[in-house]
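To keep things clear, I will list the structure first and then write my remarks on it.
None of the figures in this text is laboratory data; all of them are computed from the coordinates on show. It should be emphasised that the depicted structure is a prediction, and the values quoted were computed from it without experimental measurement. Counting neighbours? That spans all protein chains shown, and the Cβs are built from the backbone with ideal geometry, glycine included.
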Amino acid sequence: MLQELARRSGVDTGQVNDAVFGCVTQTGDQGASVGTLALPLAGWSDRVSAVTINRYCASGLSATNFAALQALQGDTLAVGGGIEMMSRVPMGSDEGPLTHDAELQGLARLVPIGIAADAIATQRGYSREQLDAYAAGSQQRAAAAAARGMPASMVAVTGEDGQALLARDENIRPTTTVGTLAAMKPAFEAWGAKDGDAGFDAQLCRRYGLSAIRHLHHAGNSPAMADAAAAVLLGSSGAVARAGLRARARILAMADTGSDRTLALTGTVDAARLALRRAGLQAGDVDLYEINEGFAAMALHFVDEMGVDAARVNVNGGAIAIGHAMGCTGAALVSVLLDELERRGARTGCIAICGAAGLASAMVVERLA
């Protein structure tokens, strides 16, 4: 990815001041600041500093936000990006307190994110049919986009001989329908009911005044695990000009924020609203939205709360179909959005993504003609 970024842009990597990468499970192959170590392997200049951060699922976009601030403050170039190899470093394999410390989870009011998604569906009155219809639509949109061919920003994974080993998203299931999804059993029901009055369902009911949690999410309307990497080259206007580069877009505003740490998935709305307010825009001013599909209920909640046309959101499908490589997704959505703005000749876009414990990030961009 970094080699291709340098090749396509023609940038002298010695002019890049800093690189910030997101990665959630920082252990094993992803330990020891995996983003930092990727630079020398890609042949980048020793002058480039780097760091790897963890803002849970918002890591990649937050890393891109941080890199943009570095570029602006130093009147220089920077790289933002992210990586997650969930087939090699499974989620939770770092055994951190977020997933492995029940006492901390109770004190911080944290619940497993799938159960939080079911709680949102219960609050909003979403039916199983609505959730499955959204998920099937994501698959159909992703399949249609894949049929058009590889988008401009996507890079094939190649072997040492230069042959492509992977040149398409493997998670897309084009034959998915509401009917096929209807046969799938809820994934989080037993987990939520475990421990009775002390369990997650009971905690959510007490906190939000619910009579019961309706468990409606399953593997087909939840984000798939995936492997991916992304990198975004950013710069101040002066640095871009000095390097002889052409900017595809400019950042109008960014946001990194916190929200309800129990429901967590609602943070996508909070981050998007904050970024739009900073950009001086209303939700209806935005041509396209790219959000991380952290469960179907989260996506429906975003559309409803933002009051936007669903036809402007994740027009090429999302994580339910393509997969969610946690530390990468937010950075990858920057390129996904820019590719589609260019394809349509549209102008403005907003990326928003939530993470565990109520963390969320957003970015508003304007395509440059």
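Would you pull out the residues with amide H under 5 Å of Arg55's amide H, same chain only if 5 or more places away, H placed 1.01 Å from N? Counting only residues 5 or more places away or on other chains, the set is Cys23. Reducing segment 80-113 and segment 210-231 to their Cα centroids gives an inter-centroid distance of 15 Å.
Using the rule -39500 (n - 2.57) for each DSSP H run of four or more residues, divided by the residues of the chain, the 222 nm mean residue ellipticity is -11500 deg cm²/dmol. Summary of packing: across the peptides 157-163, 310-316, 182-188, the per-residue average of other C-beta atoms within 10 Å ranks them, highest first, as 310-316, 182-188, 157-163.
With contacts taken as Cα pairs under 8 Å at a separation of at least 6 residues, the chain carries a relative contact order of 25 percent.
FRET efficiency for the Met150 to Ala346 pair, using the beta carbon distance and R₀ = 22 Å, is estimated at 0.60. Just so you know, the averaged projected area of the alpha carbon convex hull for the chain sits at 17.9 nm².
At full extension, Gln73 and Ser33 could sit 12.0 nm farther apart than now, given 0.36 nm per residue minus the alpha carbon distance. Averaging the Cα positions of each part gives two centres, and for segment 143-198 and segment 264-308 these lie 22 Å apart. When each of Ile113, Ile251 is scored by the number of other beta-carbon atoms lying within 10 Å, the sequence from fewest to most is Ile251, Ile113. Only Lys, Arg, Asp and Glu carry charge here, each on its Cβ (+1 for the first two, -1 for the last two); on that basis the chain has a dipole of about 860 debye about its Cα centre.
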